[in-house]
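The values are calculated or read from the model by the stated rules, or taken from the named source; none is laboratory data. Note that this is a predicted model, so its numbers are computed, not measured. Note that each Cβ is placed from the backbone with ideal geometry, even for glycine, and that neighbours are counted across all protein chains shown. Surface accessibility is based on the protein's heavy atoms, side chains included, excluding ligands, DNA and RNA. Shrake-Rupley method; radii C 1.70, N 1.55, O 1.52, S 1.80 Å.
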Amino acid sequence: MAAPASLAAWTAGLTGAKRAVAGVLLGAISVLAFAPFHIWPILFVSFGGLVWLLDGCYRSRTTPSARLFCGALTGLWFGFGFFLTGLYWIAEAFLVEPGRHGWLIPLVMTALPGGMALFFAVGCTIAMALWRPGPARIFALALGLGLSELARGHILTGLPWNLIGYGLLANLPLMQLAALFGIYALTIFAIAAFAAPAAIWNGTGARSRGALLVTGLMLALLGTSFLWGEGRLAGRGDTSAQLRVRLVQANIDQVDKWHPENATRIFDTYLDMTRQPGLKAINIVVWPETALPFSLDKAPDALAAIGAMLPANTVLLLGSARWTEQRNERGILLDRNAYNSLLTVNSAGQVVAVYDKIHLVPFGEFLPYQDFLENLGVMQMTGVRGGFSKGTGPRLLNVPGAPPALPLICYEIIFPQEVRPPSGSRNTDARPGWILNVTNDAWFGSSAGPYQHFHQARVRAVELGLPLVRVANTGISAVVDPRGRILAEIPLDAKEFVDAEMPASDPTTVYALWGFWIELLALGTALLGWLVCRMRIKPPILTG
């Protein structure tokens, strides 16, 4: 085993620019573990290399402050590469209107990865504070980066995109673990599992028998989890909620969508696709986020046309921008608010339920210090003067003839802490029967972004034990069962519709019941592992 020992010593010995380049490259290749590639074993390479780089910090620096600074810098370089390749697709949104936003691409593609990399810098700093030769450093890294990944999903508005645990859930059997532990706890386990093999060799090339034992334990847990997941998948047959849904993906180009002269053509496209043969057998039709380039609730002719199209027992669920006004007794406008909404329209052409998006996209749907920045000429990507307003809930959408839906617009579905019920809640009456996710990923073209978004949505279905109905303007639209299996799908960049049976929900999952406490337990387990590995057990003294 001379090769791994030599590679460990060589990596730990890197300094200066070579260390920075190595950190960026290791972070960058990590993204191959996520959709659409799902080459998850690459994380053994990238996190193994990160362990050896941090070994170099511990070995070559003699003071605690120097070690902490080196650890932070190593995490920063690793995080920059990770987020540069993991979020590159955001640049696509700035090319929709290049005259207005194109000049921002160099700034966004440096400031965003650099800012997000600060979380990895903090995580590696915490890890370095706990770093010791041997197996303890496996748990130090899991604890440090686990805390930083939790923080990434919560601080400011949060952005838990491509959490490390998603790499572990690339295949269906392991995806079943989300029903027990959720993505944050699995992220902590994934970091430990992917870092463990490299930790067998330290920065000097010496082997750690303790790390070898921990590696064996991690691999055994992975194997056992895979077999358990296979059994869970086999244990559920094809069960239906006795509802048929039609997903309509019109594939409208984002460049053309908001031109007023295209409004009638776009509306007619959705009507034509919806009224295709078989509509009478459909209970629910779904159109994507902001499907129409006008406010549907203020368009009586459009509502009448929808009502005339829908059979008596069929409803339409669609995304639409919505404006509200507040006027005084003399009719003077006091306030005007825009909402990114989900509407339920019945066969009489009436809007019978509304959900307003709660978690808005910063710089996409609103600006921090909105009025001040608008006065400077800065606008968010959607171009809505004043920005969108935040909905007030509840996060439940009534659908006539069907169980209530958990409505999630665009990236609301990537926030597990916001969509699960309060930990310990057993109120089954308030539980939705399915997840409805409408989105407009046309902003991001044919990049990796829509694939990553869809994979994270599938994990939410498994976490909550609920079927997922997802419709995207340009894809990926699908019906997914509560175990994450895709039952019907419309690929990216296709103009199609698909009919499918909505699957029945699973019983409430362990994660849905106890998610917060499970995340605390995962952090506590990492800390306990570190403490156990730090113990020095002395042999008993025999007398007589």
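For (1) touching a residue at least 12 places away in the same chain (Cβ under 8 Å); (2) of a type in the set (A, V, I, L, M); (3) in contact with a helix residue (DSSP H, G or I) (Cβ under 7 Å, 6 or more places away or on another chain), each residue gets a yes or a no:
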residue	(1), (2), (3)
R61	no, no, yes
S65	no, no, no
F69	no, no, no
F80	yes, no, yes
A91	yes, yes, yes
L104	no, yes, yes
G123	yes, no, yes
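Only residues that are closer than 26 Å to S60 by Cα and either surrounded by fewer than 21 Cβ atoms within 10 Å (Cβ to Cβ) or among the acidic types (D, E) (or both) were counted in the stretch 195-222, giving 8. Checking each residue in the stretch 28-57 for being touching a residue at least 60 places away in the same chain (Cβ under 8 Å), farther than 23 Å from L174 by Cα and either among the polar types (S, T, N, Q) or in contact with a Gly (Cβ under 7 Å, 6 or more places away or on another chain) (or both) picks out W52, L54, D55, G56, C57. Out of P432, P421, one residue alone is open to solvent by 10 Å² or more (accessible area, probe 1.4 Å), under 22 Å from P160 (Cβ atoms) and in contact with a strand residue (DSSP E or B) (Cβ under 8 Å, 6 or more places away or on another chain). It is P432.
Search the stretch 240-264 for residues that are within 21 Å of A299 (Cα to Cα) and pair each with any residue that is open to solvent by 80 Å² or more (accessible area, probe 1.4 Å) when their beta-carbon atoms are under 7 Å apart and the residues are at least 6 apart or on different chains. Close Cβ pairs satisfying both conditions: A250/K495.
Filtered by the rule that a residue be surrounded by 14 or more Cβ atoms within 10 Å (Cβ to Cβ) and part of a helix (DSSP H, G or I), the stretch 223-246 gives S225, F226, W228, G229, E230, R232, L233. Out of everything in the stretch 46-66 that is hydroxyl-bearing (S, T, Y) and either touching a Lys or Arg at 6+ places or on another chain (Cβ under 9 Å) or in a helix (DSSP H, G or I) (or both), what residue ends up being modelled with the lowest pLDDT? Ranking the candidates gives S60 first. In this structure, L43 qualifies as closer than 24 Å to L112 by Cα, open to solvent by less than 10 Å² (accessible area, probe 1.4 Å), of a type in the set (A, V, I, L, M, F, W, C) and in contact with a Phe, Trp or Tyr (Cβ under 9 Å, 6 or more places away or on another chain). Within the option set L118, L73, L87, being under 23 Å from the mean Cα position of the chain (by Cα) and open to solvent by 40 Å² or more (accessible area, probe 1.4 Å) holds for one residue only, L118. Annotation note: of L318, L279, L292, the sole residue that is more than 26 Å from the chain's Cα centre (by Cα), under 24 Å from S477 (Cα atoms) and either open to solvent by less than 50 Å² (accessible area, probe 1.4 Å) or not hydrophobic (A, V, I, L, M, F, W, C) (or both) is L279. Of A192, A179, A170, all but one fail to be of a type in the set (A, V, I, L, M), at pLDDT below 95 and in contact with a Phe, Trp or Tyr (Cβ under 7 Å, 6 or more places away or on another chain); the exception is A170. Candidates are the residues of the stretch 134-173 that are within 20 Å of Y451 (Cβ to Cβ) and open to solvent by 30 Å² or more (accessible area, probe 1.4 Å); the one that is nearest to the chain's Cα centre (by Cα) is L159.
Condition test on D493, is it touching a residue at least 60 places away in the same chain (Cβ under 8 Å) and assigned to a loop (DSSP other than H, G, I, E, B)?
Yes; evaluated as a whole, the condition is true for this residue.
Here E463 fulfils each of the conditions (1) surrounded by 23 or more Cβ atoms within 10 Å (Cβ to Cβ); (2) modelled with pLDDT under 95; (3) farther than 25 Å from L343 by Cα apart from (2).
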